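Have a look at the structure below, then the notes.
Read-outs throughout are calculated quantities, based only on the coordinates presented, and are distinct from any laboratory measurement. Computed from a predicted structure; not experimentally measured. Positions of Cβ are generated from backbone atoms using ideal geometry, with glycine treated the same way; all protein chains shown enter the neighbour counts.
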Amino acid sequence: MILYKTPSTAWSDSAVVQTRMVFNSSSPVPSERLVLSAIQTLLSARLTNLIHSVKVLNFTYEKISDTSYAVNFTLRISNISMSKNPDVRNDTYTQVENIINNALNTLLNDAGAEPFEPQGSFFMSSGNQVNGDMDYYFQDGDNKTPAAFLNELTPVGLGSGSQCLKKKQSADCLL
C-alpha cells in the first residue's frame, strides 16, 4: 500500500498592519504627551481584553496641522490561516482587517458603542506574512469614533471654552 500526503492548502503565519487614525477638528490639537498618555492609559486597562494573537508593537503621534493630528499604530497578529492559493487570499485579508479593527475598537472605543471602521485598507502577502495598511479619518460631529480615547483627551469640567480647560496639567495642552 502506498500512502500519499495531501499538500496543505493553507499555512499559519502572521500579519503586521500599520494603522493611521487622522483626527480633524475645529479646535487646536492636543499635545503629543497628552495623546500618548491617553493611549497608554487605555492600553494598560484594556490590553488583556485583546485576543492573545494580537500584539500592539508601537504607537506614535504626528501633528499634521494646528487642527489635525494622526495616531499611528503597528499591530501584529500571529497564527492566522492564509491560503496558499493567491486567488482566495482576499478572505485572509478580510480576516486580518476585521481582527485589527476589532482590536482597535476594543482598545479605543466605549463598550457597547457602535464600532468605527477604516475608510481605506491595503494588504499584500510576502512569503508567509501579510503586510497591511488601514486608514481611519475622524472629524467633529462623527457618530462612529474611538470614544474612549477621545474621552481621555477631554478635560475635566469642560465648558464652552478651551478644550484644555482644567486638564491635569496645563502643559498637556500646549501645542
Cross-link candidates for Lys84: which aspartates and glutamates have Cα within less than 19 Å, leaving aside residues fewer than 8 places away along the same chain?
Asp13, Glu97
Table column - 3J(HN,Hα) (Hz), region 132-140, Karplus curve with 6.51, -1.76, 1.60, x for Gly and Pro:
x, 10, 10, 10, 10, 10, 10, 9, 3
For peptides 114-121, 31-38, sequence by mean Cβ density within 10 Å, most packed first:
31-38, 114-121
Scale the Cα Rg of region 10-154 by the rule-of-thumb value 2.2 N^0.38 Å and send over the ratio, two decimals.
1.07
I'd like the antiparallel share, as a percent to the nearest 5, of DSSP beta bridges with both residues in region 10-154.
75 percent
Once you have the Cα-Cα distance between Gln129 and Arg76, take 0.36 nm times their residue separation minus that, and quote the gain in nm to one decimal.
18.1 nm
